[in-house]
Structures are given as C-alpha cells and as structure tokens.
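First the structure, in the form of structure tokens, and then the observations on it.
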Amino acid sequence: MRYHSTAGRRDYMKMLELEQAKAGATIFHDLDEVIASPTAAWKRPWWVRWVDKPTVEIDWDNMQRFDGRKMQQVSWAKYVGEDVAKRLTQLRDKRMKQWILENKSGYTLRDRAMLLAGAQAGSVGTSFLGFWRGSSEMSRLQTPESSTGTYVQVKDPFQPRPLSPEEWGIPRWQGSPEENARMIQAVMRHFGADQVGFLELDEHIRKLVYSFDARDGKALEFEDVDQAYETDNKRVIPERARWVIVFSVQMSDELIKRYAGKAPTALSSSTVGLAYAQGRNISDRLQTFLYVLGYQGLMGTWYNGLAIAPALGVMAGLGELSRLNKLISPEYGPLQRIFKVITDLPLTSTKPIDAGIMRFCRTCKKCAEACPAKALSMETEPSWEVVGPWNNPGHRAYFQDGPRCRNWWSVSTVGCSTCLAVCPFSRKDKSFVHKLVQPTLSLTPLLNGFFTRMHTFFGYGQAREPESWWELNLPPHGINSVRGTQLE
Amino acid sequence: MWWFLYGLVTGAGGMRLIMWVIQENVTVGWYVWLLGALALLLGTLTAQHYFASLQELEPKAARRGLLVMGVPALILAGVASWLFLTS
C-alpha cells in the first residue's frame with residue numbers, strides 16, 4: 001500500500017516529528033507511515049491524547065497472570081458459600097416466574113423473551129481454534145457447488161469449513177504490520193465491531209492472558225509450536241502468535257436506562273446479552289477471515305475467557321479504566337463490551353489514551369452510590385490493595401467486591417448494569433453541552449465536581465419507564481454506529 | 001437545514017439593525033452591543049440544547065437547559081433591549 005505525498009514533505013515530516021516528540025508519542029519517519037498507521041483511520045475527538053502509559057498505574061513486576069477460575073462469575077458459589085448460592089439461585093428462579101405472572105414492568109414475558117433471544121449467537125459457537133477445527137468427526141467433503149468455492153462441507157451444512165490458502169494451493173496473505181492493522185480495522189467495522197485496537201503480546205501484555213481459562217479451567221500455555229492446539233486440559237498459544245486484536249461492541253443507552261429504582265430489568269439487561277452475542281459472532285468471523293488469509297485467530301471459548309478484556313482494551317487505547325473497574329471510552333462511555341482474539345498476523349500496536357476519564361472518576365462516585373449491591377469502591381483514590389481473590393493485583397484501581405455484585409444478579413434475576421446506566425459518560429452527543437464538557441474534563445479536573453452535579457440536575461442517567469421503550473423507533477441495535485467514523 | 005435558516009434570519013436581522021443605527025445616527029454604547037451579542041449567543045445555545053436534548057430523548061435535560069441558560073439569555077436580552085431603546 002503506497003500513498004503519494006506532495007512537495008514540502010521533508011519539512012512537514014520534520015515538523016510532525018517535533019510535535020510528536022513533544023507529546024511523547026510515536027515518531028513517524030515518513031508520510032506513508034503516518035497514513036498507514038492504525039490510528040490514522042481511527043477518527044477520535046481532538047481531546048483524546050495517545051500516551052505511552054495508561055492512566056491506570058501498573059506495577060508489572062508485581063502482576064502475575066490471573067487464574068480465570070477465580071473470577072466471581074465462575075467461583076461465586078465458592079466465595080459466598082454453596083448454601084447462599086443455592087438459596088439465591090432458587091430466589092431468582094421463583095422471582096422470574098412470579099414477576100412474569102404479575103406482569104411487572106420491565107420483567108414481563110416479552111421483556112424476558114427479548115433478554116434471552118438477544119443473547120443467542122445463532123448457530124455460531126465459541127472455539128479457541130475455530131469452530132471448524134473443534135471436532136474430528138467433521139466430514140471433509142468438497143462442495144463444488146459452494147457459491148464461493150472456498151469452503152469444505154462439514155457435518156452441519158450451515159457451518160461449512162473455510163479453506164486455508166495452503167489447502168487452496170495459493171500463497172498466504174502478506175502485508176506490513178501497518179497494512180494488516182488497517183485491513184483488520186476495516187473488516188472488523190464491517191463485521192460489526194465499533195472500536196478496534198492492537199497489542200503486541202510482549203512480556204507485560206502476556207500477563208493479561210489468564211493462566212487458567214475461566215469457565216472450563218483449562219491451562220493456557222505458550223509453546224514454541226507452529227500451530228495452536230487444544231487438549232483435554234490445556235490450550236496452547238504458539239509463541240509466534242504475538243498479537244492481540246481487541247475490539248468493542250456498543251450497547252444501547254436507551255435500553256440500559258430502562259432500570260427500575262436501582263434494579264436492572266430484563267429489558268435493560270437485554271442489550272448486554274445482545275452485545276455479547278454480537279461479540280461472539282464477530283470473533284467467529286474474524287477467526288474465519290484470518291484462517292482464509294493463512295493465519296491463526298484464537299478466541300476465548302467464553303465471553304470472559306482467554307484474557308482480561310478491559311485490561312487489554314485499556315492498553316490498546318480503546319478507553320480508560322474507571323471506578324466501575326471496567327473500561328470507559330471517550331466515544332461510548334461504559335456502554336460497550338470488549339472482546340479479544342490472539343493472532344500470528346503481524347500488527348502495529350495502538351497506544352493507551354488519556355481523555356481525563358480516570359481523573360473524573362476520582363470526583364464522581366455516581367456509579368458506586370447507585371450500586372444496589374454496594375459492590376463498588378467509594379474511595380476517592382484508587383488502591384493497590386485488592387478486595388479479594390477475584391481481583392488481579394498489580395495495578396492501582398477501584399477494585400470491586402465481585403461476589404456482592406454477583407449476589408445481586410440473582411436477586412434482580414437479570415444480572416445488573418445499573419452502574420453503567422448512571423455513569424455520566426453514558427450519553428448521546430447531540431447537545432453542545434456534551435461537546436463542551438468532555439474536552440474540558442480531558443484538559444482539566446477543576447470542573448469535575450460541577451459537571452457531576454450538573455449531570456444530576458439535568459436528569460441524565462435517570463431511570464426511564466421500561467414499558468415506554470416498546471414505543472420507540474430506534475436505529476439497529478439502538479446504537480449510534482456512525483459515532484467515531486468518517487461518516488460522523 | 002433549520003440552523004442554516006436560523007443563520008440567514010439572524011444575520012439579515014443583525015445587518016438590518018446595524019444599518020438602521022447608522023442611518024438614523026443613533027448612539028449605542030459598546031456594552032449594549034456586547035450584552036446583545038451575549039444574549040444572542042446564550043439564546044442560540046439554549047435553543048440548540050433544547051432541541052438536541054429532545055432528540056436525545058432527554059426531556060428533563062431540555063427543560064433544565066431552558067432554566068439554566070434560557071432565563072439568563074432572556075434577562076440579558078431584556079437589559080440590552082432596554083438600554084438600546086433608551087439610548
């Protein structure tokens with residue numbers, strides 16, 4: 001890929017180098033590098049600064065690979081006790097039925113149906129290696145009638161196996177890391193991803209990959225092999241798979257704000273399930289895309305599998321860590337889910353960002369105040385001390401009480417996302433006020449307290465009547481997919 | 001489109017006012033122009049926030065915006081008009 005530049009290029013590059021050096025950012029040596037850089041295609045507001053270190057402090061020496069089995073979603077019963085977990089699960093099941101029969105707003109049968117249906121990922125499952133390599137029982141019959149001629153029929157005719165370049169008898173895709181990054185960004189947007197960043201799996205980032213996978217407890221190991229493989233007790237990532245593609249899928253603010261009091265509803269939670277289902281579909285498409293190009297794409301077998309998604313998102317500059325102990329991006333706030341695929345396709349890393357979000361969280365405690373489980377930190381300063389084994393030490397954060405959060409999921413019957421709904425960054429962006437506030441808090445923390453109070457005064461983040469959602473006429477998935485693109 | 005029409009009407013109105021002041025040789029203090037410009041700016045921002053908030057499905061934010069920005073805009077416009085008419 002070449003871009004032709006014009007006269008004055010040398011002077012321009014000199015100027016650019018100086019400006020970039022001042023900002024402590026990447027130095028480009030050529031205009032082609034500037035244009036081919038993944039951040040060139042990533043249209044972000046002017047007040048989002050690319051920085052060398054994320055706004056969350058990290059002590060890499062004290063960070064170990066986290067055992068995914070310790071996360072509260074997996075080990076909840078262990079943390080609160082089997083009896084409590086059983087009682088809460090029974091309560092959830094009883095309430096689900098009771099609220100449907102009572103026609104309780106936000107928990108009616110149609111709300112529950114929407115929650116369950118949205119979380120369906122269709123016929124796509126999740127596979128570390130790719131769905132077509134998951135079973136040895138798959139028959140491998142050539143299908144000349146295939147419309148593209150690049151598939152091999154497998155057992156399920158609706159899940160044909162793609163052909164790799166090797167099988168097809170052609171050379172695999174070759175591109176520079178910059179070209180590859182641009183290509184992946186473009187194709188991921190097409191598949192439905194919102195933001196896409198990249199990381200090199202260096203000694204630090206490798207610590208963000210679980211030591212043991214979250215749901216099935218398989219060991220995640222790095223080995224000097226060409227191809228990734230999986231056994232009954234481990235998943236092996238080849239040393240050559242040195243890059244991670246991190247991407248986000250937006251959630252609908254109109255849905256997430258359909259909570260009742262401080263409790264989420266089936267309706268508000270349905271956007272969470274939908275985003276996870278979309279993430280699985282997009283990851284599956286990405287795996288296939290990489291396989292057809294001749295590369296490996298390794299994904300989590302569960303939405304929280306393989307690696308710590310928010311941490312990767314922070315390091316790749318999708319957003320900043322926050323009081324939610326989740327990622328908040330300048331464009332979509334906390335209304336997104338983060339996904340990751342490890343690959344051997346060489347890519348250029350994107351950098352962390354500073355948009356004043358973590359600083360804002362020090363003043364604003366709206367999420368912690370609204371948390372019905374009181375699971376979020378009310379401390380002004382982030383801490384190095386973890387709350388429990390469900391947290392991973394080694395970074396200075398607002399660690400949450402995971403089991404308390406998980407308990408509430410059962411009480412509410414639908415999980416919880418109240419903290420996301422009340423966050424000042426969960427907003428649309430039509431009023432000039434938002435365009436004034438975000439650059440200001442990015443540049444100075446002086447007005448953060450005032451902005452928090454005004455957020456309350458203006459009624460942003462307030463719960464909306466659940467049933468009114470059914471009368472709205474919203475865009476697909478209830479999101480603004482144009483935000484942060486060339487078409488904005 | 002609406003903002004384009006708003007710009008045309010406001011621009012034409014402003015031009016007409018300035019021409020009238022020159023033609024009639026009316027003396028208007030600089031602070032009157034400043035107050036008028038501030039009232040117009042605040043009023044414009046209020047209108048933008050109001051209609052944008054309704055689009056955002058945030059009716060409370062729209063109403064509160066009228067209160068926080070619209071009332072000061074009206075007061076400023078009233079003071080500027082009074083000073084203009086008595087100059």
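Structure values in brief
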read-out: Residue pairs meeting the criteria (Cβ under 6 Å; at least 6 apart or on separate chains; first in contact (Cβ under 8 Å) with a residue 12 or more places away in the chain, in the stretch B:15-36; second of a type in the set (Phe, Trp, Tyr)); value: B:32/B:84
read-out: Flag for residue A:322 being under 12 Å from the mean Cα position of the chain (by Cα) and among the polar types (S, T, N, Q); value: no
read-out: The one condition in (1) within 13 Å of chain B (Cβ to nearest Cβ); (2) at pLDDT below 95 that residue A:485 fails to fulfil; value: (1)
read-out: Top-ranked residue in the stretch B:48-63 [being at the interface with chain A (Cβ under 7 Å from one of its Cβ atoms) and among the small types (Gly, Ala, Ser); ranked as farthest from residue A:480 (Cα to Cα)]; value: B:61
read-out: Among the residues listed as B:42, B:74, B:85, B:66, the single one being more than 9 Å from every other protein chain (Cβ to nearest Cβ), over 22 Å from residue A:252 (Cα atoms) and crowded, with 19+ Cβ neighbours inside 10 Å; value: B:42
read-out: Matching residues, the stretch A:42-56, being in a loop (DSSP other than H, G, I, E, B) and surrounded by 13 or more Cβ atoms within 10 Å (Cβ to Cβ); value: A:42, A:43, A:44, A:45, A:47, A:48, A:51, A:54, A:55, A:56
read-out: Residues of the stretch A:229-245 classified as surrounded by fewer than 18 Cβ atoms within 10 Å (Cβ to Cβ) and in a loop (DSSP other than H, G, I, E, B), total; value: 5
read-out: Pick from the stretch A:378-389, criterion of a type outside the set (A, V, I, L, M) and in contact with a helix residue (DSSP H, G or I) (Cβ under 6 Å, 6 or more places away or on another chain), ranking: surrounded by the most Cβ atoms within 10 Å (Cβ to Cβ); value: A:389
read-out: Single unsatisfied condition, residue A:291 versus (1) surrounded by fewer than 24 Cβ atoms within 10 Å (Cβ to Cβ); (2) touching a strand residue (DSSP E or B) at 6+ places or on another chain (Cβ under 8 Å); (3) not in a helix (DSSP H, G or I); value: (3)
read-out: Test: residue in the stretch B:7-20 that is within 14 Å of another protein chain (Cβ to nearest Cβ) and modelled with pLDDT of 95 or more; value: no
read-out: Flag for residue B:57 being more than 16 Å from the chain's Cα centre (by Cα) and not acidic (Asp, Glu); value: yes
read-out: Those residues of the stretch A:393-412 which are without any contact (Cβ under 8 Å) to a residue 60 or more places away in the chain and either buried (at least 22 other Cβ atoms within 10 Å of the Cβ) or assigned to a loop (DSSP other than H, G, I, E, B) (or both), in sequence order; value: A:401
read-out: Checklist (1) crowded, with 24+ Cβ neighbours inside 10 Å; (2) over 20 Å from residue A:392 (Cβ atoms); (3) in contact with a Ser or Thr (Cβ under 7 Å, 6 or more places away or on another chain) applied to residue A:361, failing item; value: (2)
read-out: Filter result (charged (D, E, K, R) and either within 15 Å of residue A:253 (Cβ to Cβ) or within 12 Å of chain B (Cβ to nearest Cβ) (or both)) within the stretch A:454-480; value: A:464, A:465, A:471
read-out: Those residues of the stretch A:388-440 which are touching a Ser or Thr at 6+ places or on another chain (Cβ under 6 Å) and within 14 Å of another protein chain (Cβ to nearest Cβ), in sequence order; value: A:431
read-out: Unmet requirement for residue A:157, which otherwise passes all of (1) over 17 Å from residue A:295 (Cα atoms); (2) modelled with pLDDT of 95 or more; value: (2)
read-out: Residue list for the stretch A:249-280, restricted to those being in contact with a Phe, Trp or Tyr (Cβ under 8 Å, 6 or more places away or on another chain) and not aliphatic (A, V, I, L, M); value: A:250, A:254, A:258, A:265, A:268, A:276, A:279, A:280
read-out: Inter-residue pairs, beta-carbon under 7 Å, first touching a residue at least 12 places away in the same chain (Cβ under 8 Å) and under 13 Å from residue A:59 (Cβ atoms) and in the stretch A:375-392, second part of a loop (DSSP other than H, G, I, E, B) and β-branched (Val, Ile, Thr), 6+ apart; value: A:392/A:308
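The values are calculated or read from the model by the stated rules, or taken from the named source; none is laboratory data. Nothing here was measured: the structure is a model prediction, and the numbers come from that model. Cβ atoms come from the backbone with ideal geometry, glycine included; neighbour counts cover every protein chain shown.
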